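**Student:** This is the structure I have questions about; it appears just below.
What follows draws every value from the coordinates through simple rules; no lab data is involved. If you're wondering where the values come from, they're calculated on a predicted model, not measured in any experiment. Positions of Cβ are backbone-derived with ideal geometry, glycine not excepted, and every protein chain shown enters the neighbour counts.
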Amino acid sequence: MEPYRYHAFVCTQEKGEGVPCCAAAGSFTVLNALHRELGAKALAEEVQVSSCGCLGVCDSGPVMVVYPEGDWYTKLTPNDVGEIVSSHFQRGEKVARLLRTDYEAMKAEMVDHHHRYLAMLQGKDAAGVLPDDVNEMIRGFMPSRATLTALELDVFTAIGEGGTAKQIAGKIQAAVRATEMLLNALVSLNLLEKRDGVYTNAPVAARFFAEGTADSARRAQLHTVNMWKRWSTLTDAVRAGTTVAPKPDNGSVEPFIAAMDHNARGRARAVAQAVEVTGARQMLDLGGGSGAYSIAFAKAAPGLHSEIVDAPEVLALANDYVRKAGLADRISTRAGDMLSVPLEAGKYDLVLLAAICHMFSSEENKQLIERAYAALAPKGRLVISDFVLEADKTAPRFAALFALNMLVGTRAGSSYSEPEYAAWLKEAGFAESKRVRMPGPANLMIATK
Ligand SMILES: C[S@@+](CC[C@H](N)C(=O)[O-])C[C@H]1O[C@@H](n2cnc3c(N)ncnc32)[C@H](O)[C@@H]1O
Ligand code: FES
């Protein structure tokens with residue numbers, strides 16, 4: 001007995017440029033349409049949909065195989081999906097015009113495709129051509145740049161319920177020709193869908209990239225637009241050994257804090273759990289940003305009072321986040337430079353440095369950790385959350401690349417390794433420290449006084 005009435009496998013395999021594959025033939029738009037139609041017909045719990053790798057008939061993509069009977073639908077378009085859902089999945093009547101049943105011919109096609117694909121790979125290798133995956137990595141900026149430009153121009157909000165290139169160009173006040181190119185590229189990235197010349201947001205873009213939705217990350221992603229500008233100075237920064245980018249203007253604070261809040265919101269509760277904050281009473285959140293960690297910690301520990309130290313322009317935003325969380329009576333804010341602001345000795349049982357150490361040099365971090373030690377009560381704990389490198393600093397990849405993010409954006413910041421953190425903590429006098437690995441790119445270093 002199957003747990004579902006039907007199980008549909010939709011091939012979403014991507015292959016090298018110029019090689020026929022389902023992804024290039026538009027399988028993601030088919031997959032999106034399938035989820036949408038099943039949802040609309042209340043069949044999502046009866047029909048399991050799985051995206052899968054190559055099914056062998058790559059010249060006939062997008063391909064979908066439906067079990068338990070093993071029916072092969074090929075050359076699908078989003079326009080076919082409604083008929084398959086209402087006919088095959090709802091009434092049990094297969095859509096004959098879209099089915100392939102010439103199994104012998106299909107088998108021959110699979111073998112032929114496999115041989116041609118292997119021959120192509122061998123041919124490329126023999127010719128000394130850059131492998132596709134390396135090429136793709138080098139050109140990785142293209143999808144990123146297209147998406148960032150769309151976010152900057154607020155394309156996803158302009159699309160709303162859908163529109164033609166001309167209508168959308170009018171709304172974003174851009175050239176029609178260029179807007180159409182951008183929209184088509186976004187369709188190829190599965191961020192938009194296009195039917196009869198009308199563009200609509202794919203579910204992920206509708207949820208995260210349009211303004212005004214509950215989960216909109218557009219403002220946070222405008223911080224990535226600013227990162228892009230700094231990353232384009234990387235070559236000169238490597239020569240100079242420090243940032244050469246112009247100082248960020250005031251307009252960058254709001255997207256920066258929105259981005260920090262977005263990152264922190266997804267993990268702050270898990271960090272509070274990992275740190276076991278329940279009994280903590282006095283917390284110091286140095287460079288607390290939006291206050292996302294203070295908020296999550298205060299929610300997890302009913303007796304906790306947290307004090308956020310940050311720049312005045314950031315505190316204006318933090319106060320807003322704290323007020324909205326209904327925690328203004330337990331989370332206070334103080335303007336100051338964390339490297340020099342007076343800190344009461346022995347007051348706190350928890351000091352948090354979340355996404356802070358990478359902004360500073362080794363010397364500044366030593367100083368900061370010493371200040372945290374002095375501010376902690378006996379048995380108090382310092383929690384550092386950051387992108388912690390392995391000892392030789394080449395992994396994890398995110399932390400190694402993030403070191404460059406700090407090179408282009410700060411005077412002396414970087415990513416640091418676990419042995420570096422451990423040494424600073426020991427030198428400051430902490431009795432013990434441990435690394436706690438968390439899901440996602442950041443880890444914790446927890447040290448006890
Ligand atoms: C990368 S954000 C991290 C924010 C927050 N801890 C989080 O994880 O979401 C760094 C924060 O430190 C603040 N900051 C940077 N230098 C500072 C300094 N010298 N003194 C106080 N705050 C500082 C910034 O304004 C920003 O809010
Ligand atoms: S890529 Fe889909 S069948 Fe081969």
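**Student:** Would you mind giving the average projected area, over all directions, of the Cα convex hull of the stretch 140-226 in nm² with one decimal? Let's see the in-between values first.
**Tutor:** Numbers: hull surface 21.1 nm².
Orientation-averaged projected area of the Cα hull: 5.3 nm².
**Student:** Let's see if you can work this out: charge +1 on each Lys and Arg Cβ, -1 on each Asp and Glu Cβ, no other charges. What is the dipole magnitude of the stretch 257-448 about its Cα centre, in debye to the nearest 20? Intermediate results must be reported in sequence, preceding the final value.
**Tutor:** Working: 21 positive and 21 negative charges, 112 e Å.
Using Cβ point charges on Lys, Arg, Asp and Glu, the stretch 257-448 gives about 540 debye.
**Student:** Quote the relative contact order of the stretch 140-226 in percent (integer), defining contacts as alpha-carbon pairs under 8 Å separated by 6+ residues. Mind showing how you got there, number by number?
**Tutor:** Details: 105 pairs, mean separation 27.9, N = 87.
Here the relative contact order equals 32 percent.
**Student:** Now for a different question. If you build the Cα gyration tensor of the chain and take the root of 5 times each eigenvalue, what three semi-axes come out, in whole angstrom, biggest first?
**Tutor:** Working: eigenvalues 467, 129, 115 Å².
Result for the chain: semi-axes of 48, 25, 24 Å.
**Student:** Kindly provide the GluC sites (Glu not before Pro) of the stretch 93-134 that DSSP labels as loop, not H, G, I, E or B, and whose Cβ sees at most 12 other Cβ atoms within 10 Å.
**Tutor:** Numbers: sites: E93, E104, E109; in loops: E93.
Those that pass, being in a loop and sparsely packed, are E93.
**Student:** Within the stretch 133-173, which trypsin sites (Lys or Arg not before Pro) sit in a loop by DSSP and count at most 11 neighbouring Cβ atoms inside 10 Å?
**Tutor:** In loop regions of the stretch 133-173 (DSSP not H, G, I, E or B), the sparsely surrounded trypsin sites (Lys or Arg not before Pro) are R139.
**Student:** Now for a different question. For the stretch 257-448, I need the span (max minus min coordinate) of the C-alpha atoms along each principal axis, in Å, sorted largest to smallest.
**Tutor:** In descending order, the Cα extents are 45, 35, 31 Å.
**Student:** Please work out the Cα convex hull volume for the stretch 6-121 and give it in Å³ per residue.
**Tutor:** Working: hull volume 10.2 nm³, N = 116.
Per residue, the Cα convex hull of the stretch 6-121 comes to 88 Å³.
**Student:** Please give the calculated 222 nm ellipticity per residue for the chain, where each DSSP H segment of at least 4 residues contributes -39500 (n - 2.57) and the sum is spread over every residue; nearest 500 deg cm²/dmol? Intermediate results must be reported in sequence, preceding the final value.
**Tutor:** Numbers: 18 runs with 197 residues, N = 449.
Rounded to the nearest 500, it is -13500 deg cm²/dmol.
**Student:** Taking the Cα centre of the stretch 322-366 as the origin, how large is its charge dipole in debye, to the nearest 20, when only Lys and Arg (+1) and Asp and Glu (-1) carry charge on their Cβ atoms?
**Tutor:** Taking the Cα centre of the stretch 322-366 as origin, the dipole is about 280 debye.
**Student:** Would you work out which of V10, G39, L98 lies farthest towards the positive end of the dipole of the stretch 6-121? Charges go on Cβ: Lys and Arg +1, Asp and Glu -1.
**Tutor:** G39
**Student:** Okay, moving on. To the nearest Å, what is the center-to-center distance of the stretch 84-100 and the stretch 226-300, using C-alpha atoms only?
**Tutor:** Computed from Cα coordinates, the inter-centre distance equals 51 Å.
**Student:** Give me the dipole magnitude in Debye, nearest 20, for the chain about the Cα centre, with unit charges on the beta carbon: positive for Lys and Arg, negative for Asp and Glu. All intermediate terms of the calculation are to be shown ahead of the outcome.
**Tutor:** Numbers: 48 positive and 52 negative charges, 153 e Å.
Its charge dipole is roughly 740 debye.
**Student:** How far is helix 253-265 tilted, in degrees, relative to the longest principal axis of the Cα atoms in the chain, given as a value from 0 to 90 rounded to the nearest 10?
**Tutor:** Once rounded, the angle reads 80 degrees.
**Student:** For a quick check, take a GNM of the chain with Cα springs below 10 Å and name the residue from N405, N79, N201 with the largest mean-square fluctuation.
**Tutor:** With Cα springs under 10 Å in the chain, the top fluctuation among N405, N79, N201 is at N79.
**Student:** What length, rounded to one decimal in nm, is gained on full extension from L234 through to F141, with 0.36 nm per residue of separation minus their alpha-carbon distance? Can you show the working numbers first?
**Tutor:** Numbers: separation 93, 0.36 × 93 = 33.48 nm, distance 1.39 nm.
Residue separation times 0.36 nm, minus the Cα-Cα distance, leaves 32.1 nm.
**Student:** OK, next. For the chain, modelled as a GNM with alpha-carbon contacts under 10 angstrom, which of D215, D329, D154 fluctuates the most?
**Tutor:** D329
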